[in-house]
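Participant: Structure in structure tokens, see below.
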Amino acid sequence: MYGMSFLLLVLGIVLFIGLVVVHELGHFIVARRNGVVAEEFGIFFPPALIKKKTKSGLVLSLNALPLGGFVRLRGEHDADTEKGSFGAASVWVKTKIMVAGVAMNLITALVLFTIIAVIGMPVLIPNQFKVNSDTKVVSKQLLLTGVQAGSPADKAGLKSEDLIVAIGVSGQTPTTLKSASELPALTKKYAGQKVNIYYKRGGNNYVATTTLLATNVVTTSQKAYVKKVQSATVDCANIPLPKGYLGVSPPQEYVVQKSGWSAPVTAVGLSAQMTALTFQGLGHALAGLGRYGAGLVTGNSVARQNGQCQASSQVTGPIGIFEIFKSGSLLGYQFILFIVAYISLVLAVMNLLPIPALDGGRLWLMLATRGVKRPLTPEKEELINAIGFFVLIGLMILITINDVQNFNIHL
């Protein structure tokens, strides 16, 4: 890890924790403003690592499970009646308290997207929202998405997320790459020759020297490598046999663009676009879980594996987020800020859904019981939230296992 990229990795992690703080701060502020006493402000979920009690009696805690955070309010059961308790507050006050975290994350996402639009917005999705008349491309670079083991690129030290700038032979002016389509023709031109590859990593410029393959064939070692990878993954991994003279996956164009007066408009439009994609991803994940469950019940291993792949490809956990930040740190601060803004938006969306143990689950449960005029007893409320919490922990364990496999992490 290089100096600047390490700082960006740390920045990403700090900002991610900041999203948890911002979310819980929303609950805390609204609760205090409406006369509900906050007893504990926690970052992440217990067991507790550090606890400190303030003069006002509020307990501040840092906990072990990086699944979010919490504000523990006095009398959190809906049936509690003690003065200053959450249960004694009106339905409107309770709704405001539970929605406050969502509002804070949404505001954070909009502010970050606005800032990014001004300083440089990475284009990371097809047809990414922008105001054409007020948006200009400020940089376009080629991002390596994969490097084949044992290939000339691998021997040169190139890695995924490197930005390839130019290729040339010694004694000649290197050819600057302006689009991904130029790379195959250029490597074919220099097939079998020793070349210099100019690239960027973590904001620094590097030059690597390697000898390109003389023919565009799939070697025996490449076939063995792909067979090994495929045997360790589910059927839907869909790993193609690599071809080419350099040994890299087709690079993606990493474009950064800036906006002026339209930055807030871009933030709103992009947030709406990303929210729609989030719901689309959730739909695919649920469909995948359904196929996995059906395959499990019927004993159909193909359906089970394909369902697992479909579901797991749509979600990630703390390890996956760390890996994204680690890779993104090589692309610059704009990428890190973009991912943090998107995570903030996802937190807002997820906490509006009726998922037990999350804000949305508690909100919809309260509204539903009030709607049928059958409030839950404290025991039933605790049972429902406990079941939701343990299901959430179970899913997080599965997601973490999936992240370890997807990102090829050795523990």
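Participant: Within region 85-98, can one find any residue that is within 22 Å of the chain's Cα centre (by Cα), surrounded by 20 or more Cβ atoms within 10 Å (Cβ to Cβ) and not in a loop (DSSP other than H, G, I, E, B)?
Facilitator: Checked against the condition, which is being within 22 Å of the chain's Cα centre (by Cα), surrounded by 20 or more Cβ atoms within 10 Å (Cβ to Cβ) and not in a loop (DSSP other than H, G, I, E, B), region 85-98 yields no hits at all.
Participant: Which numbered condition in (1) within 28 Å of Leu7 (Cα to Cα); (2) part of a strand (DSSP E or B); (3) of a type in the set (Val, Ile, Thr) is the only one that Val195 fails?
Facilitator: (1)
Participant: Need pairs with beta-carbon distance below 8 Å; first residue in the same structural domain as Leu15 (by TED's automatic domain parsing) and more than 22 Å from Asn351 (Cα to Cα) and within region 40-67, second of a type in the set (S, T, N, Q) and not in a strand (DSSP E or B); sequence gap 6+ or separate chains.
Facilitator: From region 40-67, the pairs are Leu60/Thr54.
Participant: Go through region 257-278 and give me each residue that's aliphatic (A, V, I, L, M) and under 19 Å from the mean Cα position of the chain (by Cα).
Facilitator: Ala267, Leu270, Ala272, Met274, Ala276, Leu277
Participant: Going by the structure shown, is Phe113 surrounded by 17 or more Cβ atoms within 10 Å (Cβ to Cβ), assigned to a loop (DSSP other than H, G, I, E, B) and either hydrophobic (A, V, I, L, M, F, W, C) or not assigned by TED's automatic domain parsing to the domain that holds Leu177 (or both)?
Facilitator: Here the answer is no, as Phe113 does not meet what is asked.
Participant: Also, quick follow-up: Just to be sure I understand the filter: pairs with C-beta atoms under 9 Å, separated by 6 or more residues or on different chains, first member in region 91-109 and assigned by TED's automatic domain parsing to the domain that holds Val22, second member aromatic (Phe, Trp, Tyr) and crowded, with 23+ Cβ neighbours inside 10 Å. Which pairs pass?
Facilitator: Val93/Phe86; Lys94/Phe86; Ile97/Phe86
Yes or no, residue by residue, for (1) at pLDDT below 70; (2) in the same structural domain as Trp92 (by TED's automatic domain parsing); (3) under 30 Å from Val111 (Cα atoms); (4) in a helix (DSSP H, G or I):
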residue: Thr266; (1), (2), (3), (4): no, no, yes, yes
residue: Gly288; (1), (2), (3), (4): yes, no, no, yes
residue: Arg304; (1), (2), (3), (4): yes, no, no, yes
residue: Ile324; (1), (2), (3), (4): yes, no, yes, yes
residue: Val340; (1), (2), (3), (4): no, yes, yes, yes
residue: Ile343; (1), (2), (3), (4): no, yes, yes, yes
residue: Val349; (1), (2), (3), (4): no, yes, yes, yes
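Participant: Looking only at region 177-204, which residues are within 15 Å of Leu144 (Cα to Cα), free of Cβ contacts under 8 Å to residues at least 40 places away in the same chain and polar (S, T, N, Q)?
Facilitator: Selection gives Ser181 alone.
Participant: Sticking with this one: State which residue is nearest to the chain's Cα centre (by Cα) when the search covers only region 353-372 and only residues that are surrounded by 18 or more Cβ atoms within 10 Å (Cβ to Cβ) and among the aliphatic types (A, V, I, L, M).
Facilitator: Among those residues, the one meeting the criterion is Leu358.
Participant: Given (1) in contact (Cβ under 8 Å) with a residue 60 or more places away in the chain; (2) β-branched (Val, Ile, Thr); (3) surrounded by fewer than 16 Cβ atoms within 10 Å (Cβ to Cβ), where does Val21 come up short, assuming only one miss?
Facilitator: So Val21 meets the others, but not (1).
Participant: State the number of residues belonging to region 70-86 that are farther than 14 Å from Glu39 by Cα and either in contact with a strand residue (DSSP E or B) (Cβ under 9 Å, 6 or more places away or on another chain) or modelled with pLDDT of 95 or more (or both).
Facilitator: The total comes to 0.
Let's see how each residue does on (1) surrounded by 13 or more Cβ atoms within 10 Å (Cβ to Cβ); (2) among the hydroxyl-bearing types (Ser, Thr, Tyr); (3) in a loop (DSSP other than H, G, I, E, B):
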position: Gly35; (1), (2), (3): no, no, yes
position: Phe41; (1), (2), (3): yes, no, no
position: Phe45; (1), (2), (3): yes, no, no
position: Leu49; (1), (2), (3): no, no, no
position: Gly57; (1), (2), (3): no, no, yes
position: Leu60; (1), (2), (3): yes, no, no
position: Asn63; (1), (2), (3): yes, no, no
position: Gly69; (1), (2), (3): yes, no, no
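Participant: Could you look through region 198-216, keep only residues that are within 30 Å of Val138 (Cβ to Cβ) and outside any strand (DSSP E or B), and pick out the one that is farthest from the chain's Cα centre (by Cα)?
Facilitator: Only one residue fits best here, namely Gly203.
The values are calculated or read from the model by the stated rules, or taken from the named source; none is laboratory data. No experiment lies behind these values; they were computed from the predicted model shown. When we count neighbours, we look across all protein chains shown, and the Cβ atoms used for this are built from the backbone with ideal geometry, even at glycine.
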